[in-house]
1. Any idea what the relative contact order of the chain is, in percent, if you count C-alpha pairs under 8 Å spaced at least 6 apart?
2. When only alpha-carbon atoms are used, what values of Rg and Dmax, in angstrom, describe the stretch 275-433?
3. In nm, what is the difference between 0.36 nm times the number of residues separating residue 271 and residue 478 and their Cα-Cα distance?
4. Which shape class, rounded, prolate or oblate, goes with the stretch 341-420 when its Cα gyration tensor gives a ≥ b ≥ c as root eigenvalues, a/c under 1.5 marks rounded, and past that a/b bigger than b/c marks prolate?
5. What is the distance, in nm, between label points placed 7 Å from the Cα along the Cα-to-Cβ direction at residue 320 and at residue 167?
6. Among 456, 125, which comes first, second and so on when ranked by fewest other beta-carbon atoms within 10 Å?
7. Arrange the following residues from fewest to most other Cβ atoms within 10 Å of their Cβ: 236, 274, 202.
8. Using r as the Cβ-Cβ distance of residue 240 and residue 132, and R0 as 35 Å, what FRET efficiency do you calculate, to the nearest 0.05?
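No lab work stands behind these numbers, since they all come straight from the coordinates. Here the structure is a predicted model, which is why all the values come from computation and not from measurement. Virtual Cβ from ideal backbone geometry, glycine too; neighbours counted across all protein chains shown.
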Amino acid sequence: MKILFVASELYPLVKTGGLADVAGSLPKALRELDKDVRVLLPAYQDVKAQLPRARTVAELEVLGQPVRLLADHVPGTAIPLWLLDAPHWFDRPGNPYLAPDGNPWPDNDERFAALCWAGLQIALDRAGLGWRPDVVHGNDWQTGLIPALLSLEPQRPATVFTIHNLAYQGIFPAASLEKLRIPKALWHPEGLEFHHQISFIKGGIVYADRINTVSPTYAREIQTPRFGCGLEGVLKMRSERLSGILNGIDIDKWNPATDPWLPQPYDRDSLDDKGVNKRALQARFGLPQEPIIPLIAFIGRLVSQKGVDLILKALPGLLELPLQFVFLGSGDSDYEHGLLYWSRRHPDKVAVHIGYDETLSHQIEAGADLFLMPSRFEPCGLNQMYSQRYGTIPVVHRTGGLADTVEDALPDRLPRATGLGFDQTETGALQEAVKRGWLLYSQPDLWRTLQRNGMDKDFSWRRSAEEYCRLYRKAIADRRHA
Ligand code: ADP
């Protein structure tokens, strides 16, 4: 199977969010399953600087402009990487989407339409590369025009479109239609038109043979007004073609047995050693080194999506219990100040590190007993998976990927449970779930069962890649029968 994977970011070359992790991991996992996967990415200034040996393999015309395709490999792999080299669109420093003033680049419509038109030429083997994919896999709005443009081509490959973040949709004025060379056949309310504007993401949602998002629960949630960002109707219309596939995690980097940043590595059979990491974490944050007080952690962006306001409201009640809290994150200054306030009031119970610190995030995952994730919505989420791998029990709002990856420790499900969940985004519900965790912690045998259940779970990219292969096959079959 030949797959053209198109994305606007890819770790380690360029990253603003989870999409980069997926683009950096999924093609690798697909290749390990012997798939012929090749990647198309814009040649941003920083990307070109990291790949000085990339050589020109094609010269194309896109939106009336001469552009080049450069060829190299995804770093550390044998996966062919094509870079769309169009200096007037991509030779800019910093964030791939935002100008230095924090606003979107004013020509983002052209920049990503160019990526889509180049993707189309490769997909139809019109770029002179001598390679024709069976499936084109686009990701997020930046690639949304590819399925739309390909839909007008009789000899096209199958198309798959993945939504990593529905909140970003690529909406542009209708006046850009001509400039972007969007065919009239695509311009109607059941096509690219969204409230009289052009919607790139609708191109993926309406025209791809198969659509998916990064968890099964989020795939259902986005068909409702609460989570659908105005697209719930069109998503519902295509619900038979819409599914969810959980992201994997890097199980080598996140492995408590080999993690170089841990004071004391451990595995499922040496969980007592996890206590050494807890002591070290307590010491680092000046918390009393009490082994029997449950230590609860939070790592993430301090924004409303992550439910930080809920935590702040729940803290006064929770601080009446013998618990310790460690927070790592940065974001809205109100939330930062709120957390710092509690750490000043209860320095023996609440510790806060404002900032981004990867090493510390590993040490917290290893040292904590419980991990809080009360996100309002969570397409997939990573930390709840890292936590389970580190024998740290997640306490989650049952939404999106959190609902799909954490088995709640309800009385009848204890033998399989891996964490605690709650349904309502309310202070009381969060407090109740933490209290349940606190009670379980006082039952060491049960606690060990929960820890090992989580540590035994398969969060590998291999599992996800196998599901993507099934999805590709379905898309190819749909295409054939269309
Ligand atoms: P999102 O992509 O919505 O921010 P995810 O849970 O999917 O949330 O991924 C966020 C990733 O970034 C996780 O790996 C998390 O550990 C990491 N992260 C977030 N904030 C910090 C921080 N302050 N320090 C270290 N790692 C962080």
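1. Numbers: 963 pairs, mean separation 59.6, N = 482.
Reported as a whole number, the value is 12 percent.
2. Calculated on Cα positions, Rg and Dmax stand at 14.4, 42 Å.
3. Details: separation 207, 0.36 × 207 = 74.52 nm, distance 4.83 nm.
Difference between extended and current length: 69.7 nm.
4. Working: a/c = 1.81, a/b = 1.66, b/c = 1.09.
Here the stretch 341-420 falls in the prolate category.
5. 3.3
6. Values: 456 11, 125 14.
Ranking 456, 125 by Cβ neighbours within 10 Å, fewest first, gives 456, 125.
7. Details: 236 13, 274 22, 202 26.
By the 10 Å Cβ count, ascending, the order reads 236, 274, 202.
8. Working: r = 28 Å, r/R0 = 0.79.
Efficiency for this residue pair is about 0.80.
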